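The values are calculated or read from the model by the stated rules, or taken from the named source; none is laboratory data. Here the structure is a predicted model, which is why all the values come from computation and not from measurement. Using ideal geometry, Cβ is built from the backbone for each residue, glycine included, and neighbour counts are taken over all protein chains shown. Heavy atoms of the whole protein, side chains included, go into the accessibility calculation; ligands, DNA and RNA do not. Shrake-Rupley method; radii C 1.70, N 1.55, O 1.52, S 1.80 Å.
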Amino acid sequence: MKEKYSEKKILITGGAGFIGSHVIRLFVTKYPNYQIFNLDALTYAGNLENIKDIENAENYHFLKADITDAGLIKALFQKHQFDHIIHLAAESHVDRSISNPKIFVDTNVTGTLNLMEAALEIWQGNFENKLFYHISTDEVYGTLGETGLFTETTAYSPNSPYSASKAASDHFVRAYGETYDLPYVISNCSNNYGPNQFPEKLIPLFINNIIEGKTLPVYGDGKYNRDWLYVLDHAKAIDLVFHKGKNKSTYNIGGFNEWQNIDLIKLLCKIMDKKLARKEGKSEALITFIKDRPGHDKRYAIDASKINAELGWKPSVTFEEGLKKTVDWYLQNPGWIEAVVSGSYKEYYKEQYNGI
Ligand code: NAD
Ligand code: TYD
């Protein structure tokens with residue numbers, strides 16, 4: 001390995017997914033003297049097209065592996081001797097966790113444990129310049145009432161199998177810090193949106209359905225709140241927490257940008273009508289209220305004042321800007337969307353939305 005690239009050996013898991021691909025690109029281009037290893041099993045959500053532009057960079061390496069395979073993970077850690085791990089690989093969709101919870105335990109809990117075990121084995125108690133950075137979600141806190149915000153000290157109260165599996169993995173990371181002195185940081189972020197997001201999540205699903213003139217399936221009455229953050233702002237926060245976060249602490253990351261689903265959907269419809277040169281109201285007419293998601297969390301909103309005060313992070317992209325950039329990306333990349341909605345996506349869609 002060339003000396004000039006060996007300053008840090010960082011393993012990033014889940015780098016072929018939505019957020020991971022933006023983190024990989026940021027690290028590979030911003031830090032040419034780091035070796036970046038992208039470990040990903042390429043599940044339905046993993047797509048190497050997301051990082052095609054950097055695949056030939058000298059400081060980038062791809063490892064196809066499943067984090068549930070403890071033996072393989074240990075062998076890869078022995079071979080490459082990583083100094084740092086940024087762990088994003090996960091099953092990430094709430095609706096899928098409702099119909100198939102076990103894989104969420106396998107990947108999100110056991111997979112995280114396997115990575116920490118492998119790190120402890122190669123680091124052998126020498127934790128200088130070592131870090132396990134666990135990427136988590138605000139959904140671990142459960143749901144808010146009409147007022148208030150999630151802070152780093154809010155009690156965990158997960159309501160979906162997805163958020164329960166993320167909460168369990170957060171607890172294990174913290175426990176490994178206390179019990180084995182594993183150096184760690186955890187960040188809990190709000191809902192992300194942006195290019196390359198799989199069209200099972202609200203914003204890309206609705207963009208794709210509007211393009212195709214398909215029904216927009218709104219769960220319940222649509223009066224559920226989420227706090228939206230542009231994915232590149234999350235990647236920048238991860239960069240800061242990785243380099244400057246305090247050992248054994250957690251950071252909440254959010255957009256200071258709370259929207260009720262139905263208002264967001266109407267805004268998206270307006271933007272899409274303009275972009276597609278359709279008559280105003282055409283997309284809104286596709287809205288259909290359907291049976292609610294079981295255990296649907298009413299409201300998420302993050303207090304991101306700790307990361308702001310300690311590390312100087314704040315979102316840089318306004319929601320209007322970010323939404324337009326996102327819509328433009330999907331309109332300019334029909335090939336990407338066509339490839340991901342073929343095959344197993346069709347079956348998922350039929351089952352989830354009852355053929356509407
Ligand atoms: P994603 O579903 O788009 O991507 C997940 C990636 O992990 C895929 O590339 C997939 O192939 C890989 N993966 C899944 N199972 C694996 C396994 N067993 N072994 C190896 N790789 C595997 O997810 P995302 O939305 O990019 O989320 C990334 C992380 O950020 C997750 O940990 C998620 O909990 C967290 N997060 C997401 C959001 C959000 O709004 N999307 C918000 C906060 C936190
Ligand atoms: P989602 O993107 O699945 O993120 P999360 O549930 O992790 O916050 O959903 C965001 C919001 O949009 C959530 O309140 C559920 C709602 N939603 C719908 O109304 N219809 C849909 O088809 C989807 C996927 C989500």
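Per-structure values
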{"quantity": "Overall Cα dimensions of the stretch 267-356 - principal axes, largest extent first, Å", "calculated": "48, 37, 28"}
{"quantity": "Viscosity 0.890 mPa s, 25 °C: Kirkwood-radius Stokes-Einstein D of the chain over Cα pairs, µm²/s", "calculated": "118"}
{"quantity": "Cross-link reach list, aspartates and glutamates versus K102, counting only Cα pairs under 16 Å and skipping chain neighbours closer than eight places", "calculated": "D66, D69, E91"}
{"quantity": "Highest average packing first - 36-47, 211-222, Cβ atoms within 10 Å", "calculated": "36-47, 211-222"}
{"quantity": "The stretch 1-109: Cα Rg divided by the 2.2 N^0.38 Å rule of thumb", "calculated": "1.09"}
{"quantity": "Accessible area (Å², per residue) of the chain, counting only protein heavy atoms and a probe of 1.4 Å", "calculated": "43"}
{"quantity": "Convex hull of the stretch 8-53 built on C-alpha atoms - directionally averaged projected area, nm²", "calculated": "2.8"}
{"quantity": "Kirkwood hydrodynamic radius (C-alpha pairs) into Stokes-Einstein, the stretch 32-77, 37 °C and 0.692 mPa s, D in µm²/s", "calculated": "279"}
{"quantity": "Neighbour-limited loop hits for GluC sites (Glu not before Pro), the stretch 1-84 (at most 16 other Cβ within 10 Å; DSSP other than H, G, I, E, B)", "calculated": "E7, E55, E58"}
{"quantity": "Loop-located trypsin sites (Lys or Arg not before Pro) in the stretch 223-310 whose Cβ has at most 16 other Cβ within 10 Å (DSSP)", "calculated": "K223, K246, K248, R278, K279, K282, K291, K298"}
{"quantity": "T179/S99 FRET efficiency (R0 41 Å; Cβ-Cβ; nearest 0.05)", "calculated": "0.75"}
{"quantity": "Descending semi-axes in whole angstrom, ellipsoid equivalent of the stretch 127-215, from the Cα gyration tensor", "calculated": "32, 18, 11"}
{"quantity": "Restricting the stretch 250-356 to GluC sites (Glu not before Pro) in coil, as DSSP defines it, with at most 12 other Cβ within 10 Å", "calculated": "E280"}
{"quantity": "In the stretch 126-246, lysine pairs closer than 19 Å at Cα, eight or more apart or cross-chain", "calculated": "7"}
{"quantity": "The chain, relative contact order in percent, only Cα pairs under 8 angstrom and at least six apart counted", "calculated": "16"}
{"quantity": "Projected-area mean, the stretch 65-180, by convex hull of Cα positions, square nanometres", "calculated": "8.0"}
{"quantity": "Unit Cα scatterers, Debye sum, the stretch 304-356: log10 I(q)/I(0) for q = 0.22, 0.31 Å⁻¹", "calculated": "-0.85, -1.03"}
{"quantity": "Check: the stretch 33-90 dipole with +1 on Lys, Arg Cβ and -1 on Asp, Glu Cβ, in debye", "calculated": "200"}
{"quantity": "Amide H contacts of I287 (H built 1.01 Å from N, under 5 Å, at least 5 apart or other chain)", "calculated": "L216"}
{"quantity": "Mean Cα-pair separation over length for the stretch 234-309, i.e. relative contact order, pairs under 8 Å, 6 or more apart, %", "calculated": "44"}
{"quantity": "Cα centroid of the stretch 83-101 to Cα centroid of the stretch 296-356, whole Å", "calculated": "15"}
{"quantity": "Selected from S305, S342, S92 as most flexible by GNM, with the chain as the system and alpha-carbon contacts under 10 Å", "calculated": "S342"}
{"quantity": "Shape parameters for the stretch 100-153, alpha-carbon atoms, Rg then Dmax in Å", "calculated": "16.0, 48"}
{"quantity": "Alpha carbon Rg of the stretch 178-289, scaled by the compact-globule rule 2.2 N^0.38 Å", "calculated": "1.36"}
{"quantity": "The chain: calculated mean residue ellipticity at 222 nm from DSSP helix runs of at least 4, using -39500 (n - 2.57)", "calculated": "-12000 deg cm²/dmol"}
